[in-house]
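Here the structure is laid out as C-alpha cells; the discussion comes afterwards.
Values quoted throughout were computed directly from the atomic coordinates according to the rules given, and no laboratory measurement underlies them. Because the structure is predicted, anything quoted here is derived from the model rather than measured. Because the Cβ atoms are built from the backbone with ideal geometry, glycine has one as well, and the counts that use them run over all protein chains shown.
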Amino acid sequence: MSSVSDSTPAKPRVGLFVTCLVDLFRPSVGFAAVKLIEESGCQVEVPGLQTCCGQPAFNSGDKQDAAAIARRTILLFEGFDYVVVPSGSCGGMIKEHYPELLQDDPPWQARATTLAERTWELMVFLHDVRGMRRVEARYDGVVTYHDSCSGLRELGVKRQPRTLLGSVRGLTLKELPGAEICCGFGGTFCVKYPEISDKMVGTKADDILATGADTLLAGDMGCLMNMAGKLKRLCTETGARPTRVRHVAEVLAGLTDEPPIGEAGG
Amino acid sequence: MQSTSHAFKDNAHEALGNRHLQSALDKMRAGFPQRRLDAIGKLPEFEDLREQGREIKNHVLENLDWYLERYERNVIAAGGHVHWARTPEEMRQIVLGLCRKLGARTVTKGKTMIAEEVGLNDFLESEGVTPIETDLGEYIIQLRREPPSHIIAPAIHLTKGQVEKTFRETHTDLPPDRNLEEPRSLVAEARTMLREKFLKADVGITGANFLIAETGSSVIVTNEGNGDLTQLLPRAHIVLASLEKIVPTLEDAAALLRLLARSATGQDMSVYTTVSTGPRRAEDPDGPGEYHVILLDNGRSGMLGTEFQEMLRCIRCGACMNHCPVYGAIGGHAYGWVYPGPMGAVLTPSLIGIENAKHLPNASTFCGKCESVCPMKIPLPKMMRHYREREWQRRLSPPAARVGLKFWAFLALRPPLYHFFYAIAAQVLGLLGRRQGSFYNLPLAGAWTATRDMPAPQGRSFQEMWHQRRKKKAV
C-alpha cells in the first residue's frame, strides 16, 4: 500500500471494528482488543465514523438498509491491511455475508470480497494470522467457555481462544458440556420469541452452573449479555454466588479491573 | 392437514408449559445427536458422501422433467401405474378412486409424510374407508388422534407412560391387569393388534424414500418391517410420493441411503430397506396384484428455479430438527403443520404460503447447526433469511419491529447522530444500573427482563473514550 523505505518494515495497520454492543455496553472489550492486537505487532486505528455492521437489518429481511450500511463499512475499512472484530457474529457478517448481500452490485461485491479476505474475528486474527500462542496475563480461577454460533460455524473459532487461555497463569479451563449449543440470544430472536429464548438460555445456564466454574467466557457480547443476564437472575433467586461473566479478550489482555458483565463495581 | 402455523407463538407457549413434552424432549436432545456422531465417526468418507449426495440431487433437480418421464415409462413397463396430482385434493381423490375401484374397506399404511400433507386419513374415514397406521409411532398417534411431531419419530413428544395409558384406554379387550411396564411389552401389544389388520387389509399405502428413474422402483426404509407387510399382503400397493423423490439410478439411491440412516437415527442402515418394482409377476411367490404411484406436486415445481430450489434436495432424515435448539425447546407440534424444525421453516411457507407461516422462518437464532448436520448440505438459515426478505417486502413483519428497525437503520447511516445517541444511552443506563450492575426491569425491554437481567453498560461509549484519549495524546 505505502512504500516503505527504511529497513524495519512498517507495522500492519489494523482497523478495529468495535461493534455496537462493545461500543455501548462494554468499552473494556474494545480496549482489551486494542491491547492484544498491538501485542501481536500491529498498529490499531478506530475509524470514528463506523456504526453497526448491518446484521440486524440483514437478518430481519431489510436488505436495502443492510446493503447501505455495508457499503459505508466497506468505504471506511477498505484502506486497512486488516479489519479485526471482537465478535464472531459481526465478523461473520462482514466476512461471510457482505459479498452475498451485495451480489446484485458487482463493483461493490468485488470490494466486499476484498474486505472479507482481510477481515478476521479477534481470536482467529491473533492465533491464525499473527501466530500468537501465548499472552502475558494472569487470571486466578476456573473458567468455562461457550462457543458462540457464528464464530464457531462461520469462522471456525474453536481452538484459538483455548490455546491462548492455556497460557494465562492461574487459569484452569473446565470444558462446558454442550458448549456448541446456541444460548438462545439470536439477535432480534430473543425479543421476538422471548419464551423460547429463555428456555434455551435456561438450559445453558444450568449447564454452566453444573461445571462448577467461577467464570464464564465467550467471544460475543450478545451471547454474553444473554447468559450473564440469566445467570444473574437465577443466582438472585437462589442466593447462589453469581458466576463471573467476561469477554475472553478481557482475560487474555489482563484487563479485568472492571466488574464482570452484569455485576456492580465493588 | 389443517395448519396452525400462524399461531406458532401460542403453540410454543403451550409446549413450554407441557411437562410430559418437556421430559420427552430432554431425552431426545440427549439421544439423537450423540448417535449420529458415533455413526459418522465410523465412516471417514461421510463428508465426501455428503458432497456426492448434494450433487446427485442437484443434477436431478436441474433435469427433473426428464427423469420424471423416464421414471413413469419404467413404472409402466414393469406393469405399474403412475398418477399425477397437482394438489392435495387431486391426490385424495385418486386414492379414493382406487379404493372404490378395488372395493376396499380397510387400508393399511406405512409411514408417509405425503399422506399427512394431504390429510389423507381424515378424508378416507369420512368416505367410509378405514386407514390403519402400521408404524408403531404413527399407530400410537392415530389412537390419540394427534398429528406427528417429528418426521421420522412421529410420537417423540410422548413419554412411555402416556403410551401405556393410551393402550389401556383403547385396547379394552385385553386384560386390564396386564403388565405394560417395559417398552418391549408395548411393542408386543401393538404387534398383536396390527397382525390381524395386515391380513385383512384390502389396500396398502406407503410413502417412498426414493423413486428410481432407471428401474421405475420405489424404495422405503423402516425399522419395524411394517412397510413390507403393508405393501406385500394386500391386493394393491399405492405409493404416495412427491416429485423430488426421484433419483437416476439404484447406485444413486445406495449413496443416499448411506447418508440417510446415519443422519437420522445414527444407524448404519435402517433395519429394512425394500425396493418395489411393479405388481406381482406370475413367477413371484407374493406381492400386490396392482401397483400404483401417485406423484404430488403441491407447490414444489414452483420452487424450482427460485432461491428455494435447494430445499428440494431434502431426504427427510430429520437431522436438522434433532439438532435444532428451538425444536428441542418446543417440539414439533408448535410449528403447526406437517414439517417441523428448520426444514419445516423453509418447506412450510413454500407449500402453504408465507402469509400462513410467517413466524416459522423467524423462529430461528441462525445458529447454523441445522446446515452443519444436513446430509444434503441445504443452506437452511440462508433460505429462512430469504423468507424474511419476502416478509419485509410484503410488509408481513410486525409493524413495531419495522418501525424500530427503520429508526435504528436511520441512525446507523448517520454516524454523528448514532454516536451521540450511544454516548447518551451509555451514560444514562450506566448511571441507572451502576448500583446493581444490571436491570431487573427495563422499559421497552420487558420481553428480555421478564426472565433475565439486562446487564448495565459501563457508563461511557467506547468511541467517546477512545477519541478523547487520542485527543489527549495529541495535545
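Structure above, values below:
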| read-out | value |
| --- | --- |
| Mean separation of Cα contacts under 8 Å, 6 or more apart, over the residue count of chain B: relative contact order % | 20 |
| Per-selection Kirkwood Rh - the stretch A:133-253 (Cα, Å, 1 d.p.) | 14.5 |
| Calculated FRET value between B:PHE410 and A:ARG13, using beta carbons and R₀ = 30 Å, to 0.05 | 0.45 |
| Karplus 3J(HN,Hα) series, Hz, for the stretch B:285-291 with 6.51 cos²θ - 1.76 cosθ + 1.60 (x for Gly, Pro) | x, 8, x, x, x, 10, 10 |
| For the stretch B:114-253, alpha-carbon Rg and Dmax in angstrom | 16.5, 54 |
| Amide H contacts under 5 Å for B:SER242, placed H, 5+ residues apart | B:LEU296 |
| Length-normalised contact order for chain A - Cα pairs under 8 Å, 6+ apart - percent | 18 |
| Residues in the stretch B:200-222 reached by a label modelled at B:ASP286 [backbone nitrogen below 19 Å; 7 Å Cα→Cβ] | B:200-207, B:218-222 |
| Under 5 Å, built H, 5+ apart or other chain: amide partners of B:ILE132 | B:VAL107, B:THR108, B:LYS109 |
| Cα gyration tensor shape of the stretch B:5-301, rounded if a/c is under 1.5, else prolate or oblate by comparing a/b with b/c | oblate |
| Exercise: per-residue mean of other protein chain Cβ atoms within 10 Å, B:442-452 | 5 |
| For B:LYS471, A:LYS63, order by how many other beta-carbon atoms lie within 10 Å, fewest first | B:LYS471, A:LYS63 |
| Residues with amide H under 5 Å from that of A:THR119, placed H, sequence gap 5 or more | A:VAL83 |
| Rough spin-label spacing in nm, given labels placed 7 Å along Cα→Cβ, for B:GLN468 and B:SER301 | 6.8 |
| Per DSSP, loop trypsin sites (Lys or Arg not before Pro) in the stretch B:50-102 with at most 13 further Cβ within 10 Å | B:ARG86 |
| Flagged links, alpha-carbon separation over 20 Å, of A:LYS199/A:LYS230; A:LYS63/B:LYS358; B:LYS57/B:LYS377; A:LYS232/B:LYS27; A:LYS204/A:LYS232 | A:LYS232/B:LYS27 |
| Reach of B:LYS472 by Cα under 20 Å, taken over lysines that are not fewer than 8 positions away in the same chain | A:LYS35 |
| Ellipticity estimate at 222 nm from DSSP helix runs (n ≥ 4, -39,500 (n - 2.57)) divided over chain B, nearest 500 | -15500 deg cm²/dmol |
| Listed residues B:GLY31, B:SER276, B:GLY287: farthest to the positive end of the dipole of the stretch B:5-301 (Cβ charges) | B:GLY31 |
| Additional length obtainable on full extension of the chain from A:ASP128 to A:GLU78, 0.36 nm per residue less Cα span | 15.9 nm |
| C-alpha long axis of helix A:63-77 to longest principal axis of chain A, angle in ° | 70 |
| Cβ-derived FRET efficiency at R0 56 Å, B:SER23 paired with B:ARG100, nearest 0.05 | 0.80 |
| Positive-end extreme of charge dipole, the protein assembly as shown - chosen from A:PRO27, A:LEU209, A:THR236 (charges on Cβ) | A:PRO27 |
| Virtual spin-label span in nm between A:THR113 and B:THR87, 7 Å along Cα→Cβ | 4.6 |
| Loop GluC sites (Glu not before Pro), the stretch B:298-390 (other Cβ atoms within 10 Å of the site Cβ: 16 or fewer; DSSP) | B:GLU307 |
| Footprinting exposure proxy for B:LEU431, A:LEU36, B:LEU259, B:LEU98 (fewest neighbouring C-beta atoms within 10 Å first) | B:LEU431, B:LEU98, B:LEU259, A:LEU36 |
| Computed FRET value (nearest 0.05) for B:ASN179 with B:GLN267, which takes r as the C-beta separation and R₀ as 45 Å | 0.95 |
| From phi via Karplus (6.51, -1.76, 1.60), per-residue ³J(HN,Hα) for the stretch B:444-450 in Hz, x at Gly/Pro | 6, 10, x, 4, 6, 6, 4 |
| Contact order normalised by residue count of the stretch B:403-474, Cα under 8 Å, 6+ apart, percent | 31 |
| Under the Karplus curve 6.51 cos²θ - 1.76 cosθ + 1.60, θ = phi - 60°, whole-Hz ³J(HN,Hα) for the stretch A:120-127, x wherever Gly or Pro sits | 9, 5, 3, 5, 5, 4, 4, 7 |
| Exposure proxy ranking, count of Cβ atoms within 10 Å, fewest first, for A:THR73, B:THR277, B:THR112 | B:THR277, B:THR112, A:THR73 |
| The protein assembly as shown - share of DSSP beta bridges that are antiparallel (%, nearest 5) | 20 |
| B:GLU62 versus B:ASN356: modelled label distance in nm, points set 7 Å from Cα along the beta carbon direction | 3.3 |
